[in-house]
């Protein structure tokens, strides 16, 4: 390896993203809820473009200011979007406005309805918590500690902000994720059954000691 070259990282490194991470972060956040993003935006490519635009605009739920990445072997291999619960409504509305700006007007009613339904179906996190809005790992680099490293970062962010818990939710059918969260000390605290149009969700909380 030549002098000054960057050595590949064999253990997960958690860091804030750079502008060069935009496309990778958009793809990873999309992976966290691909079906919902595609329905909301009107297809995979439109969803990825929306997420990449959101990355560059602070203050929304997918903005770089709310993202941490996990790097492994020189690759941006995992991403987490998170923020205090008291920022959640403002950030989600900012993402909605951004998404609507990039969509044809005829898609707005469907997107607004899905946004409203998602808000009703998803369990409400406790008001004093650091909320993980999205967490995803590159499918080819799973079981390498990336998700655990990002969950540990969420705990650190909760402590820095004086928040007593970390909260998140996932679909009831996502058994691998639920097993991971249980192993990391999260308790399942609420459930919302599936509807005709949306999957069921489970809310999880981990108190910070």
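The numbers here are math on the coordinates, done by the rules we state, and not lab data. Since the model is a prediction, treat every value here as computed from it, not as a measurement. Note that we place each Cβ from the backbone using ideal geometry, even for glycine, and neighbour counts take in every protein chain shown.
So here's what we get for this one:
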read-out	value
Contour minus Cα-Cα distance for residue 191 and residue 45 (0.36 nm per residue)	49.4 nm
Distance in nm between pseudo-label sites at residue 36 and residue 159 (7 Å out along the Cβ direction from Cα)	2.9
Shape parameters for segment 168-209, alpha-carbon atoms, Rg then Dmax in Å	10.8, 39
Scattering curve values for segment 1-101, log₁₀ I(q)/I(0), Debye with Cα scatterers, q = 0.15, 0.20 Å⁻¹	-0.61, -0.96
Contour excess over end-to-end distance, with Cα ends at residue 90 and residue 179 and 0.36 nm allotted per residue	29.0 nm
Principal semi-axes in Å for segment 133-209 [√(5λ), Cα gyration tensor, largest first]	22, 17, 10
Gaussian network model of the chain, springs between alpha carbon atoms under 10 Å - residue of 138, 187, 20 with greatest fluctuation	20
For segment 13-207: span of alpha carbons on each principal axis (Å, largest first)	44, 38, 32
Cβ-Cβ FRET estimate between residue 100 and residue 23, R0 fixed at 22 Å, reported to 0.05	0.50
